[in-house]
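The structure appears right after this line, and notes come after that.
The values are calculated or read from the model by the stated rules, or taken from the named source; none is laboratory data. All values derive from a computational prediction rather than experimental measurement. So basically every Cβ, Gly included, is an ideal-geometry build from the backbone, and we count neighbours across all protein chains shown.
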Amino acid sequence: MECQVCEKTAVISTSNGTFCSEHFKDNFERTTLDTIKKYNLIREGEVIGVANSGGKDSLSLLYIISKHFSKTNRIISITIDEGIKGYRDKTIETMKKYCSEWGVKYKIYSYKDFAGLGMDSIVKVQKGIPCAACGVLRRHLLNAGALESGVNKLCTAHNMDDEAESVLMNVFQNDFEKLVRSGPVSGISSNDGFIPRVKPFIFISEKETMLFSILNGIEALHTACPYSGFGFRGIMARRVKQLETKIPGSKKRLVKAAIRIRVLGSGSTAGRLVKCLMCGSPTPEDVCEACRIKERLSGVIET
Ligand code: SF4
Ligand SMILES: [Zn+2]
Ligand SMILES: [Zn+2]
């Protein structure tokens, strides 16, 4: 199999074509920059936060954002420390190494500082699937951290697989409110308390991000969180992979369908938010889910 641009041996076949390593890297960066331009994800002069777990996806994103926007924008890496020993502590070390190499300032916000406990303790006292509470706390702290850091846009490394899974989850859970908040710019962009989250990798697959990080020599931990794979997202992730194998192009069509739904639902009242009575964050209820979790955990002693 030959690269479609030069005659070298191809290393990957993507929905954009078949490429050697050099032309794959070019195409990957171009697809990312085209998405940023088409959906107006970054404007000159804005302070750009990059949600950075220290994994391959977010490091690949930080690499591209710092390479192409550091002259026109201030860039801050924002990491959430969930308190997962043997996993997040290691990826935080990797995050620090690359931030220093690429000259990017970083900030870390932890569950322990916010709720008094990290995930390793929360899983012992909280019933249910770990990811449910973890996801709520991470989104809350990312937004709060971005606000505190003066960020105008928060880039996340959500790829096409993640987005397709989310679309299916929202459809099966009949959660139209979340569905109309998805797409390349997620959340409510016109709310003072909410920093818009933008997804430059929304048209790039997980396989491509993995290869991009390897080809650029980004040495990220490839092990998964010990609490991952449970619950609805794990089921949807397997379904999305099966769908893509049987009907190639399904992931991209799901992502594009969500973008159309967002446009069609833009006049609806679904997804309207009010200020949390306790922390002031945008929430559909009087008190946001992160404050409810914090309340439930208050008084629990870490073991
Ligand atoms: S896999 Fe679940 S528990 Fe682990 S970091 Fe992600 S959301 Fe949290
Ligand atoms: Zn080539
Ligand atoms: Zn709150």
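Against the condition surrounded by fewer than 20 Cβ atoms within 10 Å (Cβ to Cβ) and within 16 Å of ligand 1 (Cβ to nearest atom), how does D89 come out, does it pass?
Here the answer is yes, as D89 does meet what is asked.
Could you tell me whether any residue of segment 196-209 is polar (S, T, N, Q), modelled with pLDDT of 85 or more, away from ligand 2 (no atom under 16 Å from the Cβ) and touching a strand residue (DSSP E or B) at 6+ places or on another chain (Cβ under 8 Å)? Show your work before the answer.
Within segment 196-209, the first condition is being polar (S, T, N, Q), and the residues that meet it are 205, 209.
So of that shortlist, the ones also modelled with pLDDT of 85 or more come out as 205, 209.
Filter again for away from ligand 2 (no atom under 16 Å from the Cβ), leaving 205, 209.
Right, trim to touching a strand residue (DSSP E or B) at 6+ places or on another chain (Cβ under 8 Å) and you get 205.
Within segment 196-209 (the criterion being polar (S, T, N, Q), modelled with pLDDT of 85 or more, away from ligand 2 (no atom under 16 Å from the Cβ) and touching a strand residue (DSSP E or B) at 6+ places or on another chain (Cβ under 8 Å)), the answer is yes, since at least one residue qualifies.
Across segment 8-25, what is the total count of residues that are more than 26 Å from E93 (Cβ to Cβ), out of contact with any strand residue (DSSP E or B) (no Cβ under 8 Å at 6 or more places or on another chain) and not in a strand (DSSP E or B)?
Result for segment 8-25: 5.
Could you list, in sequence order, all residues of segment 74-127 that are of a type in the set (K, R) and in contact with a strand residue (DSSP E or B) (Cβ under 9 Å, 6 or more places away or on another chain)?
Listed by number, the residues that qualify are R74, R88, K96, K105, K107, K112.
Suppose we filter segment 28-53 for residues that are among the basic types (K, R) and not in a helix (DSSP H, G or I); how many remain?
1
Just to be sure before I move on: is K107 away from ligand 3 (no atom under 16 Å from the Cβ) and assigned to a strand (DSSP E or B) in the structure I sent?
Answer is yes for this residue.
Tell me, which residue of segment 100-157 that is at pLDDT 95 or above and among the β-branched types (V, I, T) is farthest from P226 (Cα to Cα)?
V151
So, in segment 58-98, of the ones that are over 23 Å from P226 (Cβ atoms) and among the aromatic types (F, W, Y), which residue ends up nearest to ligand 2 (Cβ to nearest atom)?
Y63
From the list F194, F232, F203, pick out the single residue that is under 19 Å from I64 (Cα atoms) and either touching a Pro at 6+ places or on another chain (Cβ under 9 Å) or assigned to a helix (DSSP H, G or I) (or both).
After applying the criteria, what remains is F203.
Filter segment 54-81 down to the residues that are part of a loop (DSSP other than H, G, I, E, B) and in contact (Cβ under 8 Å) with a residue 60 or more places away in the chain, then identify the one that is surrounded by the most Cβ atoms within 10 Å (Cβ to Cβ).
Per the stated criteria, the residue is G54.
Condition first: touching a residue at least 40 places away in the same chain (Cβ under 8 Å), over 14 Å from the mean Cα position of the chain (by Cα) and more than 21 Å from T283 (Cβ to Cβ). Now tell me which residues in segment 168-213 satisfy that.
L168, F172, K207, E208, M210, L211, F212, S213
If only one of G118, G128 is at positive phi, over 19 Å from the mean Cα position of the chain (by Cα) and among the small types (G, A, S), which one is it?
G128
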